[in-house]
Amino acid sequence: MKFRWMPHEGRRHAIPDEPARGRLVETLCGNPFVPQEFSLWRDKICWPTCWDCDGVWRENEGILPWPRKS
């Protein structure tokens, strides 16, 4: 499954890649979310990543967790 990253509640969360605008979806960390159109260029916002979404995404993609233990 493919995902995209969207700002939500102060963090960057992963949602399904083809969400229907204005319809309720669930972030990978389990939060309900209604995608809205926004512009990173216009809004000039840099959001920190949701670590829970990142962990689920990495597991789905077969990528080791971050930070890696040495």
Within the range 10-36, residues open to solvent by 30 Å² or more (accessible area, probe 1.4 Å), modelled with pLDDT of 85 or more and among the polar types (S, T, N, Q) come out as N31
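How many residues does the range 37-52 hold that are part of a loop (DSSP other than H, G, I, E, B), within 26 Å of P67 (Cβ to Cβ) and modelled with pLDDT under 80?
Looking only at that region, the number is 2.
The values are calculated or read from the model by the stated rules, or taken from the named source; none is laboratory data. Just so it is clear, the structure is predicted and the values come from calculations on it, not from any experiment. No Cβ is skipped: glycine too gets one built from the backbone with ideal geometry, and neighbour counts run over all protein chains shown. Remember, those area values only see protein heavy atoms, side chains included, never the ligands or the DNA or RNA. Shrake-Rupley method; radii C 1.70, N 1.55, O 1.52, S 1.80 Å.
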